[in-house]
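The values are calculated or read from the model by the stated rules, or taken from the named source; none is laboratory data. Computed from a prediction, not measured in an experiment: that's the story for all the values here. Cβ placement follows ideal geometry from the backbone for every residue including glycine, while neighbour counts extend to all protein chains displayed. Note: areas computed on protein heavy atoms with side chains; ligands, DNA, RNA excluded. Shrake-Rupley method; radii C 1.70, N 1.55, O 1.52, S 1.80 Å.
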Amino acid sequence: MSKQWSRSLRVVVGIASAAVVAGSLSACGNSSDSNGDTVYFGVSGPKSGASAEYGRLWQQGFDLAIDQVNAAGGINGKKVALKWEDSQSDPKQTVPIATKFVGDNSIIAELGDFSSPASIAASPVYNRGKLVQYGFTNSSTEFTKGGEYSWSPSITLDTFQDRNTQWVQSKAKKVSVVYLETDWGKEAFKYFQQFAQQRGIEIAYSSSILPDSQDFRPVLIKGRDANPDAFVHLGYGPDGALVVKQLRDVGYNGQFFGGQNTPQFIQLAGAAAEGDIVNGVFSPSDTNPKVQDFVTKFRAKYNTDPGDFNVYAYDAINVLVQAAKSGGATREGVLKGLREVKNFSGIGLGDSFAFNQQTRRPDGVKPIELLLKNGAFVPTGSK
C-alpha cells in the first residue's frame, strides 16, 4: 500500500479497529439468513453531502435493475431489495455501516461505497465478517487488496490514465494538469505523470485543487500562462464543471480533457465544455441492441438519458444477482458465484467477462473515448 493511502487510513484506524472487533463478533454467526421471501443487498453510499448526486444516480440504476430482476422472478423465487445507509462517502461513517451490515444476516452482499478511500476504510470489517464488499465505482488499485471478500468491476486508475494519455497525445504535446487534493486524485495524477512521460507529453504546469473550493482561477491562470496545448482535469463532475467554466472565464479556449460522463457535469458546465474529451464506459448513442434496450427503458422510467454512474449501479445489481443465482442466495453463494461464473455481462462491461481470481476484477475491460458534442457525450471511435 502506498504511503499516501497509509497516512489517510490512519485517520480512521481507531474506528476501524473497534469495528473489526464488532465485525468479528458478528462473524461468529455470519451465515446469511436465506429464509423469507426477500434477500437484501446492503448499500453504503452517499445520499447527502458533497457526493449526494452520485447516490441519486445510483438509485436510478439500482431501481431499474431491481424492477427487472423481480419481474423476472427474482433470485430463485426470492424478491430482491436494498437496505441503504447514507455514508456521505465519508470513511468515518463507512466503518460503523459495515459493522451494521455484517451483523444483519438478511444482507447477502454489500454495494459501495462511492469513493475508494471510503470503501478501503471499511474493507477489514467486511473481510472479517465474510460479507462480499462490491465496490463497483472503486478505481483505486488498492481497493481489492483488502481481502478475498473485496471485489470490483471498476476499471482501475492506471488503466484509466493509460487511456487518458493516449487520447491527450493525439491532440497535445504540452499540457497543464489540475487534480483533486485527495488520495484518489494524487493516485490518478501519479499514473497520468507515468504514462505522459512514456508518451512524450510535457507537463508544463500541475497543481492540486481542493474538492470543496469554488474558485480555481488563481491556479488556472498559472496553468494558462504555461501556454499548454491542452488542459487536463483529474477529478469528478461538479469540480470539473467549475474548472472548465473558469478556464473559459480566464481566457483559455484550448482543448479540455476532464469532468465526467454525468448529466450533472453536462448541465453545470454548459457550453464551456463543448468539445471536452473524457474516459467513459457508455454512451446512449451506442447502437448495440442490448444498450439500446437499456436506454429505452431508462428513458421511459426517468425521462432522461442515462450516464456512466447509472450504468455502474445497474450493472452491479445484475452481476450480484447472477452470482447469487449461480452460487445461491446467501453470502457464501454470492462469493461462490463471483468465483465461478464465467459469463457475466453488463451495459458498460461488455457482453461476457469473468473475474480474475487474483485481482478480483475483470480482465480486459477498458474505457472508451467520449467527445462532448451538442450537449451529449458520443464515442469518437478511437481504439
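Being farther than 18 Å from Val365 by Cα, open to solvent by 30 Å² or more (accessible area, probe 1.4 Å) and either without any contact (Cβ under 8 Å) to a residue 40 or more places away in the chain or of a type in the set (A, V, I, L, M, F, W, C) (or both) is the filter here, so list the residues in the stretch 288-317 that pass it.
Pro289, Gln292, Asp293, Thr296, Arg299, Ala300, Asn303
Tally time: how many residues in the stretch 138-160 are among the small types (Gly, Ala, Ser), touching a residue at least 40 places away in the same chain (Cβ under 8 Å) and farther than 10 Å from Ile120 by Cα?
Initially, the stretch 138-160 is screened for residues among the small types (Gly, Ala, Ser), giving 139-140, 146-147, 150, 152, 154.
Checking which are touching a residue at least 40 places away in the same chain (Cβ under 8 Å) leaves us with 139-140, 150, 152, 154.
Keeping just the survivors that are farther than 10 Å from Ile120 by Cα gives 139, 152, 154.
Adding up the residues that qualify gives 3.
Name the residue, out of Ser119, Ser123, Ser154, that is under 22 Å from Val334 (Cα atoms), under 12 Å from the mean Cα position of the chain (by Cα) and in a helix (DSSP H, G or I). Spell out the reasoning first.
On the way: Ser123 fails: under 12 Å from the mean Cα position of the chain (by Cα); Ser154 fails: in a helix (DSSP H, G or I).
Step by step, each of Ser119, Ser123, Ser154 is checked, and only Ser119 is under 22 Å from Val334 (Cα atoms), under 12 Å from the mean Cα position of the chain (by Cα) and in a helix (DSSP H, G or I).
What number goes with the only condition from (1) surrounded by fewer than 24 Cβ atoms within 10 Å (Cβ to Cβ); (2) without any contact (Cβ under 8 Å) to a residue 40 or more places away in the chain that Ser123 does not pass?
Ser123 satisfies all of (1) surrounded by fewer than 24 Cβ atoms within 10 Å (Cβ to Cβ); (2) without any contact (Cβ under 8 Å) to a residue 40 or more places away in the chain except (1).
Keeping to the stretch 223-241, report how many residues are free of Cβ contacts under 8 Å to residues at least 40 places away in the same chain and surrounded by fewer than 22 Cβ atoms within 10 Å (Cβ to Cβ).
Taking the stretch 223-241 as the starting set, the residues that turn out to be free of Cβ contacts under 8 Å to residues at least 40 places away in the same chain are 225, 240-241.
Next, from what is left, pick out any that are surrounded by fewer than 22 Cβ atoms within 10 Å (Cβ to Cβ): 225.
Residues meeting the conditions: 1.
Quick one: count up the residues across the stretch 353-378 that are at pLDDT 90 or above, of a type in the set (Asp, Glu) and open to solvent by 40 Å² or more (accessible area, probe 1.4 Å).
The qualifying residues number 0.
Every residue in the stretch 89-106 that is surrounded by fewer than 24 Cβ atoms within 10 Å (Cβ to Cβ), in contact with a helix residue (DSSP H, G or I) (Cβ under 8 Å, 6 or more places away or on another chain) and not in a helix (DSSP H, G or I), please.
Asp90, Gly103
For the stretch 334-352, which positions are surrounded by fewer than 16 Cβ atoms within 10 Å (Cβ to Cβ) and over 20 Å from Thr137 (Cα atoms)? Reasoning before the result, please.
Initially, the stretch 334-352 is screened for residues surrounded by fewer than 16 Cβ atoms within 10 Å (Cβ to Cβ), giving 340, 342-343, 345, 350-352.
Selection gives Glu340, Lys342, Asn343.
Of the residues that make up the stretch 279-287, is at least one surrounded by fewer than 22 Cβ atoms within 10 Å (Cβ to Cβ), touching a helix residue (DSSP H, G or I) at 6+ places or on another chain (Cβ under 8 Å) and of a type in the set (Phe, Trp, Tyr)?
Taking every residue of the stretch 279-287 in turn, none turns out to be surrounded by fewer than 22 Cβ atoms within 10 Å (Cβ to Cβ), touching a helix residue (DSSP H, G or I) at 6+ places or on another chain (Cβ under 8 Å) and of a type in the set (Phe, Trp, Tyr).
Of all residues in the stretch 318-376, which are over 23 Å from Ser285 (Cα atoms), within 17 Å of the chain's Cα centre (by Cα) and of a type in the set (Lys, Arg)?
If the condition is that a residue be over 23 Å from Ser285 (Cα atoms), within 17 Å of the chain's Cα centre (by Cα) and of a type in the set (Lys, Arg), then Arg360, Arg361 are the ones that fit.
Hey, could you check the stretch 318-327 for residues that are of a type outside the set (Gly, Ala, Ser) and surrounded by fewer than 24 Cβ atoms within 10 Å (Cβ to Cβ) and say which is farthest from Arg361 (Cα to Cα)? If you could, list the steps in order and put the result at the bottom.
Residues of the stretch 318-327 that are of a type outside the set (Gly, Ala, Ser), as a first pass: 318-322, 325.
Pick out the ones that are also surrounded by fewer than 24 Cβ atoms within 10 Å (Cβ to Cβ) and you get 318, 322, 325.
Numbers: Asn318: 16, Gln322: 16, Lys325: 20 Å.
Selected residue: Lys325.
Is it fair to say Val219 is under 24 Å from the mean Cα position of the chain (by Cα) and either of a type in the set (Asp, Glu) or surrounded by 19 or more Cβ atoms within 10 Å (Cβ to Cβ) (or both)? Outline the logic, then answer.
Values: under 24 Å from the mean Cα position of the chain (by Cα): no; either of a type in the set (Asp, Glu) or surrounded by 19 or more Cβ atoms within 10 Å (Cβ to Cβ) (or both): yes.
Answer is no for this residue.
Which ones in the stretch 200-216 are assigned to a loop (DSSP other than H, G, I, E, B) and open to solvent by 70 Å² or more (accessible area, probe 1.4 Å)?
Of all residues in the stretch 200-216, those assigned to a loop (DSSP other than H, G, I, E, B) come to 200-201, 210-216.
Scanning the stretch 200-216 gives Leu210, Asp212, Gln214, Asp215.
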